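Remarks on the structure that follows.
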Amino acid sequence: MIVTSTDIKGLKKHATGKVRDVYDLGDALLLVATDRISAFDVVLPTGIPDKGKVLTQLSLFWFELTKDIVENHVVTGDIDEIIERIGTAGVSDPDQYRDLLDGRSMIGVKAKPCPIECVVRGYLAGSAWKEYTALREASGDGGPVVLHGIELPGDMVESQKLPKPVFTPATKESVGHDINISAQQACEIVGEEIGRQLEALSLAIYNRASDYAAERGIIISDTKFEFGELDGRLILIDEVLTPDSSRFWDASLYKPGQSQPSFDKQFVRDYLLTLDWDKTYPGPELPPEIVSKTAEKYREAYRRLVGKEL
C-alpha cells in the first residue's frame, strides 16, 4: 500500500507538510509519515513504497538511541496504543485505520517549535560547498574561508571531511529554501542561552549518530534537527537522522573531490534533471524503475543502520 494522503475522520488536521500529515489529539500530536516525495520544493504525484515507514521507524530508533543526550517528543509508536488514543480523541471505529497507520505513525507531545533549523555538518557538501566555493573565488587570495563564522582551510575539495563537525543553523522560510546563518545569528533569534544549548545538543547527537553509523559503513555527511520548548526545557521533535533530513553516504564508495551517491531521493532528482520540466507544480509522474530504485535506497538505509528488515 502506497500512502500519499490521509484523512482520519474525527481528528482535526494540525498541519500538512511535504511528507507528514499531523493531527491534533488535544495534549499531543499524531504524526503520520506518508510516502510522498518532493524534489526542488515540489511534491511529486508519485509515492515511494515504504518511505513513510522508513522515516518513522528510523526516527524512533534514533530517538531511543539519543534519549540520554536530550529528551524527545515521543509518547508512543506502538500501533495498539495509537489506535486506542485516536479512539479516545473522537475517532469512531479507530481500528479501520490500523493498516494505514501501522509502522508509519507516532504520537508526540506538543511543544513550541524553535524558530531555527539546527544543522550539523561533518563534511563539505550541498549548499555549504556552494557557499564555500563562492567565498573562496570572491577572496581570490588562497587564504582561509570564513563560512558563517567558521574558519575553514582555503584548499578544501567537495565532500571533504571538515576538521571537526560544525553547527551551521538555518532560518525557517515559509517560501523557498531556508537560509544558512551563523551560530551567533541563531543566538540573536532565540537568545544566547538557548542558542548555545541548541548548538551543544545538536553536536552531541550528531557525534553519537556519526560514530554509530560509521561502524555500519555509513557516513553521515550532514543532518538537521528540530527542537521544541516544553515546560521551559528543550526537547528533540519531528523526525531525526532519516534520509530526508540527512545526507547518508556509503563509506565504501566515498571519494573526496566530487559529489557522493547517497541514500535518499538522488535517483529522483537525477531523473528529473533529464526532463524538460521547469521545477514548478505540478511535478511529473515517476517511472516504475525510478520508484523501485528509490524505495530500495530508503530500505537499505534502514537495514544497514538498524540491522534488520523493515
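Throughout, read-outs are computed from the coordinates displayed, never taken from laboratory work. Treat the numbers as computed from the prediction; the structure is a model and nothing was measured. Cβ: placed from backbone, ideal geometry, glycine included. Neighbour counts: every protein chain shown.
Within the listed set ALA209, ALA138, ALA15, the Gaussian network model of the chain (springs between alpha-carbon atoms below 10 Å) gives the highest mean-square fluctuation for ALA138.
Look at the dipole of the stretch 41-196 built from charges on Cβ: of CYS114, THR171, ILE83, the Cα furthest out on the positive end belongs to THR171.
When ILE179, ILE237, ILE107 are sorted by how many other C-beta atoms sit within 10 angstrom of their C-beta, beginning with the fewest, the order is ILE179, ILE107, ILE237.
Amide H contacts for VAL75 (H built 1.01 Å from N in the peptide plane; partners 5 or more residues away or on another chain; cut-off under 5 Å): ILE107, GLY108, VAL109.
Each Lys and Arg Cβ is given +1 and each Asp and Glu Cβ -1; about its Cα centre, the stretch 148-284 then shows a dipole of about 380 debye. Amide H to amide H, with H built 1.01 Å from N, ASP222 comes under 5 Å of GLY122, ARG247, counting only residues 5 or more places away or on other chains. Candidate cross-link partners of LYS279 among the aspartates and glutamates, defined by an alpha-carbon separation under 18 Å and a same-chain spacing of 8 or more, comprise ASP41, ASP178, ASP270. Given the choices [x] 40, 33, 21; [y] 28, 26, 16; [z] 32, 24, 18, semi-axes √(5λ) of the Cα gyration tensor in Å derived from the coordinates of this structure is entry [z].
When the charge dipole of the stretch 123-255 is built from unit charges on Cβ atoms (+1 for Lys and Arg, -1 for Asp and Glu) and taken about the Cα centre, the candidate among ILE219, GLY140, LEU152 whose Cα reaches farthest toward its positive end is ILE219.
I need the calculated FRET efficiency for the pair ASP231 and GLU192, taking r as the beta carbon distance and R₀ as 25 Å, to the nearest 0.05.
Calculated value: 0.75.
Ignoring everything except DSSP H segments at least 4 long, calculate the 222 nm mean residue ellipticity for the chain; use -39,500 (n - 2.57) per segment, divide by total residues, nearest 500. Result for the chain: -10000 deg cm²/dmol, rounded to the nearest 500. Inter-part distance, the stretch 237-265 to the stretch 7-58, computed on C-alpha centroids, equals 22 Å. Of ASP99, ASP141, the sequence from fewest to most neighbouring Cβ atoms within 10 angstrom is ASP141, ASP99.
Using a simple spin-label model with pseudo-atoms 7 Å out from Cα toward Cβ, THR133 and HIS177 lie 1.2 nm apart.
Taking 28 Å as the limit for the C-alpha separation, the pairs LYS164/LYS255; LYS12/LYS297; LYS112/LYS308; LYS172/LYS293; LYS13/LYS51 exceed it in the case of LYS12/LYS297; LYS112/LYS308; LYS172/LYS293. Contact order, relative form, for the stretch 12-110: 31 percent (alpha carbon pairs under 8 Å, 6 or more residues apart, mean separation divided by residue count). Whole-Hz Karplus values for the stretch 184-200 come out as 5, 5, 4, 4, 5, 7, 9, x, 4, 5, 5, x, 5, 5, 4, 5, 5 Hz, taken residue by residue from phi with 6.51 cos²θ - 1.76 cosθ + 1.60 and θ = phi - 60°; glycine and proline positions read x. The 3J(HN,Hα) values that the Karplus relation (6.51, -1.76, 1.60; θ = phi - 60°) gives for the stretch 207-223 are, in residue order, 4, 4, 5, 5, 5, 4, 5, 4, 5, 10, x, 10, 9, 9, 5, 7, 7 Hz. Gly and Pro appear as x. The phi-based Karplus calculation (6.51 cos²θ - 1.76 cosθ + 1.60; θ = phi - 60°) puts the 3J(HN,Hα) values of the stretch 43-49 at 6, 7, x, 9, x, 10, x Hz, whole numbers, x for Gly and Pro.
In the chain, Cα pairs under 8 Å separated by at least six residues give a relative contact order of 20 percent.
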